[in-house]
Amino acid sequence: MARVFVLNGVNLGSLGERRPEVYGSQTLRDIEDLLRGEFPDVELEFRQTDFEGEFVSWVRESASSDGLVVNPGAWTHYSYAIHDALEMLSVPKVEVHLSNVHAREGWRRVSVVSPAVDATVAGMGASGYLAAVRYVLGR
Ligand code: DQA
């Protein structure tokens with residue numbers, strides 16, 4: 001059975017109540033349920049943390065999996081530690097953002113993690129996670 005890590009970073013545990021006009025009304029649990037429904041044959045490691053070091057250790061743990069989907073939240077824009085952890089990985093890896101970061105504040109247009117991933121999805125809401133998991137599975 002394929003194993004895919006889906007890692008969510010800082011503040012993403014507040015989805016549903018956090019700026020629904022930007023991030024939608026779905027909670028992280030709703031997104032997890034959506035993925036589990038869509039990929040019943042995949043072992044999903046769906047996780048969230050507000051601690052950067054924990055996120056980095058999960059990125060490293062995903063080296064033994066078949067693929068990684070990350071939404072690092074605000075860390076996207078400044079965490080070289082997450083960039084470096086992603087850079088070491090040889091499994092397929094995709095960066096996802098619920099919102100269209102390119103249509104928002106200038107600082108959100110910069111992703112320091114993008115150079116270390118295979119692809120980026122932004123602005124598709126929860127569907128972006130579906131597309132990213134499909135990509136890492138090669139489907
Ligand atoms: C986000 C975009 C980031 O700029 C923001 O800090 C987030 C969520 C997104 O999914 O759209 O926390 O990664």
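At q = 0.11, 0.16 Å⁻¹, work out log10 I(q)/I(0) for the chain with the Debye formula, treating every Cα as an identical point scatterer and leaving solvent out; two decimals please.
Values, matching the q order: -0.34, -0.75.
So, counting K/R as plus one and D/E as minus one, what does the shell of residues with Cβ under 9 Å around Leu7 add up to?
Values: positive: Arg47; negative: Glu45.
Surrounding charge for Leu7 is 0.
Compute the signed sum of charges (Lys and Arg +1, Asp and Glu -1) over the other residues within less than 12 Å, Cβ to Cβ, of His102. Could you put the intermediate results ahead of the total?
Details: positive: Arg104, Arg108, Arg109; negative: Glu105.
Value of the local net charge: +2.
Which FRET efficiency value, to the nearest 0.05, is calculated for Met88 and Leu34 with the Förster distance at 22 angstrom and r the Cβ-Cβ distance? Walk me through the intermediate numbers first.
Numbers: r = 29 Å, r/R0 = 1.34.
Efficiency computed from Cβ-Cβ geometry: 0.15.
Tell me, what is the FRET efficiency for Leu137 and Glu105 to the nearest 0.05, using R0 = 41 angstrom and their Cβ-Cβ distance as r? Spell out each step's value before the answer.
On the way: r = 33 Å, r/R0 = 0.81.
Step by step, r from the Cβ atoms, then E = 0.80.
Per DSSP helix of 4 or more residues, -39500 (n - 2.57); summed, then divided by the residues of the chain. What does that give at 222 nm, rounded to the nearest 500? Spell out each step's value before the answer.
On the way: 5 runs with 44 residues, N = 139.
One gets -9000 deg cm²/dmol as the mean residue ellipticity at 222 nm.
Taking the Cα centre of region 1-79 as origin, work out the dipole magnitude from +1 charges on Lys and Arg Cβ and -1 charges on Asp and Glu Cβ, in debye rounded to 20. Write out the running numbers ahead of the final one.
Details: 7 positive and 14 negative charges, 34 e Å.
Roughly 160 debye for region 1-79.
With +1 assigned to the C-beta of every Lys and Arg and -1 to the C-beta of every Asp and Glu, and no other charges, what is the dipole magnitude of the chain about the Cα centre in debye, to the nearest 20?
On the way: 13 positive and 19 negative charges, 68 e Å.
Once rounded to the nearest 20, the dipole reads 320 debye.
Bear in mind these aren't lab numbers, they're just calculated from the coordinates by the rules spelled out. What you see is a predicted model; the values in this text were computed from it and never measured. Backbone-built Cβ (ideal geometry, glycine too); neighbour counts: all protein chains shown.
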